[in-house]
Amino acid sequence: MASQKTVLLIMGSTRAGRICPRIAQWVAQIGRAQTGHAFEIVDLADWPLPMDDEPGIPAMGNYVQPHTQAWSAKIRSADAVIFVTPQYNWGYPAVLKNAVDHLYHEWRDKPAMILSYGGHGGGKCADQFRQVAGAVHMKLVPTSPGITLPEGVIRQGAPFDPASDFQQSLPSIRAALGELAAQINPVSAS
Ligand SMILES: Cc1cc2nc3c(=O)[nH]c(=O)nc-3n(C[C@H](O)[C@H](O)[C@H](O)COP(=O)(O)O)c2cc1C
């Protein structure tokens, strides 16, 4: 059995009333059971990264702010990352772009997966994020699951149960997690 690796689930939403944590927890649970790796949820609300306090460009890596240094260490320590992100106005949330843009080399060759959600699965947001992931040379897995939210969840904040309401997305989530595990551990994965 291969050694246990650390997979970070980075949540793209920090807004009040968000549903992102419920989705991230559900995916983490599936991932743990499927791969045996450690899945840790990262809430960007706990990582305030001001947009204007680093004098250098991230590609130079000479961070002066302790929060940027800490964020750099956090991403460096991960064996893989999963971006769990809602679609906002056909794109992905600004807080997620800011978190990516704070770093550069840390993302290179990092096995990564995008899981989007929205009224139609958030595919437009995944497409945009894929471009950015390419710019920083992440090792994105080919499958990007997209969870379609019921209208009542979006409009009225209706209660939902991921296990039953999102079961249609389960095969693609499992496929993407399998691809991610293979990227982390190419020798032992089959
Ligand atoms: C600013 C904003 C923009 C949105 N734009 C879209 C959109 O383009 N497509 C879509 O399907 N849903 C859109 N929605 C609805 C979200 O899919 C829904 O509110 C979802 O719960 C957001 O995730 P969160 O609760 O984790 O923040 C938008 C919601 C917000 C707050």
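The values are calculated or read from the model by the stated rules, or taken from the named source; none is laboratory data. Since this is a predicted model, take the numbers as computed values, not measurements. No Cβ is skipped: glycine too gets one built from the backbone with ideal geometry, and neighbour counts run over all protein chains shown. Protein only, heavy atoms only, side chains kept; ligands, DNA and RNA dropped before computing areas. Shrake-Rupley method; radii C 1.70, N 1.55, O 1.52, S 1.80 Å.
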Report task. May I ask you to say which residue of Asp52, Asp101, Asp109, Asp79 is modelled with pLDDT under 95 and open to solvent by 10 Å² or more (accessible area, probe 1.4 Å)? Result -> Asp52
Report summary line: Going through the range 126-142 in order, the residues found to be over 16 Å from Asn89 (Cβ atoms), small (Gly, Ala, Ser) and open to solvent by less than 40 Å² (accessible area, probe 1.4 Å) are Ala133
Query raised in the report: Which one of Val100, Val95, Val132 is β-branched (Val, Ile, Thr) and in contact with an Asp or Glu (Cβ under 9 Å, 6 or more places away or on another chain)?
Result: Val132
Query - Residues satisfying the stated conditions in the range 90-107, i.e. without any contact (Cβ under 8 Å) to a residue 40 or more places away in the chain and of a type outside the set (Gly, Ala, Ser) - result: Trp90, Lys97, Val100, Glu106, Trp107
**Report entry** The listed residue being within 23 Å of Gln128 (Cβ to Cβ) and of a type in the set (Lys, Arg), out of Arg32, Arg22, Arg76, Arg15
**Finding:** Arg15
Requested in this report: Of the conditions (1) closer than 22 Å to Leu140 by Cβ; (2) surrounded by fewer than 16 Cβ atoms within 10 Å (Cβ to Cβ), Leu8 clears all except one; give me its number.
Outcome: (2)
Query raised in the report: Would you say Thr35 is at pLDDT 95 or above and either over 15 Å from the mean Cα position of the chain (by Cα) or under 25 Å from Ser164 (Cα atoms) (or both)?
Result: yes
